[in-house]
1. Filter the stretch 113-127 for residues that are modelled with pLDDT of 95 or more and in contact with a strand residue (DSSP E or B) (Cβ under 9 Å, 6 or more places away or on another chain) and give the result.
2. Quick check on this structure: which one of 150, 161 is under 18 Å from the mean Cα position of the chain (by Cα) and surrounded by 18 or more Cβ atoms within 10 Å (Cβ to Cβ)?
3. Got a sec? Which of 337, 297 is at pLDDT 95 or above, part of a strand (DSSP E or B) and buried (at least 22 other Cβ atoms within 10 Å of the Cβ)?
4. Let me spell it out: the conditions are (1) touching a strand residue (DSSP E or B) at 6+ places or on another chain (Cβ under 7 Å); (2) touching a residue at least 12 places away in the same chain (Cβ under 8 Å); (3) at negative phi, and residue 176 meets all of them except one. Which number is the exception?
5. So which residues in the stretch 300-320 are buried (at least 22 other Cβ atoms within 10 Å of the Cβ) and closer than 14 Å to residue 260 by Cβ?
6. Taking the stretch 64-99 as the region of interest, how many residues are in a strand (DSSP E or B) and closer than 11 Å to residue 31 by Cβ?
């Protein structure tokens, strides 16, 4: 009897932690390897690769896109693409997807809504603005770029189709400032801006969004104070709650939030401290972000020396529930700069019923 009482007492006073689901990384691959390391070489068009995005196309293929150049912001910077026919285990040839001649195209966002595939991206033309393209044949052909008219704003993370059928794409003011969303009620023909979400210091960069089972939209925000911040919308992205600290430490870099079909939130980010952009970790939440699992290491720098960044992740869910992650591995030192694109397949134990 004493043993039973001790056990009950221990359970009552034990701290409450989020359930830690099983996260298993089953496959890893390199999507693309840099072709040069010289940031000043004008012939270097594919040495620096950053900002990948990822989606499952309507025809079942995987599509990845990122921007490629000798150095970030170079006039030759363009957006390239690669496809996988085996659910992300291997990747095919890299080709140019988007290139406004003499301008720096960057920060692609891929997402699918029904039979339509959308590409959002940013470009210096001459100031930064956001464009979108759409494809009705699984990225085989695209309409010409359409300017959104959001000057000094950029996209970065994901777009989603809501349970209502409406579309949301996050954006933010350049410089890690207020985040918001662009919303379409007509299948992506027209878009309207909602929200200017920022912490008390005015920071709310590179927002990433997910709709949970309750119908609420969660937005995670990049800041410069060493923490991830969160805002929630209860009206399909048109108004947002005052941002609050999540309690998760993070460097000032992009994160990615995904809600799986069974309702699990999956968050991928750099835990910091600032300015370190490694390692890259994953956490899950089964209570809509109230608590988070212990971190699982997704990727780390390949050598314990300076100059590495393992950053800018994106996630998507495959038909069988497997997650596919993609990210950039960057190395920079005096006179040398290059970046590769990596991916991994991940299994997350489903929520118990």
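1. 113, 114, 116, 117, 118, 119, 120, 121, 122, 123
2. Details: 150 fails: under 18 Å from the mean Cα position of the chain (by Cα).
Criteria check complete, one pass: 161.
3. Numbers: 297 fails: buried (at least 22 other Cβ atoms within 10 Å of the Cβ).
Of the residues listed, the single one that is at pLDDT 95 or above, part of a strand (DSSP E or B) and buried (at least 22 other Cβ atoms within 10 Å of the Cβ) is 337.
4. (3)
5. Let us first name the residues in the stretch 300-320 that are buried (at least 22 other Cβ atoms within 10 Å of the Cβ), namely 309-316.
Once the filter is applied, which keeps residues that are buried (at least 22 other Cβ atoms within 10 Å of the Cβ) and closer than 14 Å to residue 260 by Cβ, the stretch 300-320 yields 315, 316.
6. If we filter the stretch 64-99 for residues that are in a strand (DSSP E or B), which is where we start, we get 64-69, 78-84, 95-98.
So of that shortlist, the ones also closer than 11 Å to residue 31 by Cβ come out as 64-66, 80-84.
Summing the residues that are in a strand (DSSP E or B) and closer than 11 Å to residue 31 by Cβ in the stretch 64-99 gives 8.
Residue-wise test of (1) under 19 Å from the mean Cα position of the chain (by Cα); (2) part of a strand (DSSP E or B).
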residue	(1), (2)
24	no, yes
30	yes, yes
34	no, no
53	yes, yes
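The rows are residues; the columns are (1) modelled with pLDDT under 95; (2) surrounded by 15 or more Cβ atoms within 10 Å (Cβ to Cβ); (3) out of contact with any strand residue (DSSP E or B) (no Cβ under 9 Å at 6 or more places or on another chain); (4) farther than 30 Å from residue 136 by Cα.
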residue: 4; (1), (2), (3), (4): yes, no, yes, yes
residue: 7; (1), (2), (3), (4): yes, no, yes, yes
residue: 12; (1), (2), (3), (4): yes, no, yes, yes
residue: 18; (1), (2), (3), (4): yes, yes, no, yes
residue: 32; (1), (2), (3), (4): no, yes, no, no
residue: 55; (1), (2), (3), (4): no, yes, no, no
residue: 60; (1), (2), (3), (4): no, no, yes, no
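The values are calculated or read from the model by the stated rules, or taken from the named source; none is laboratory data. All figures in this text were calculated on a predicted structure; none of them were measured in a lab. Cβ: placed from backbone, ideal geometry, glycine included. Neighbour counts: every protein chain shown.
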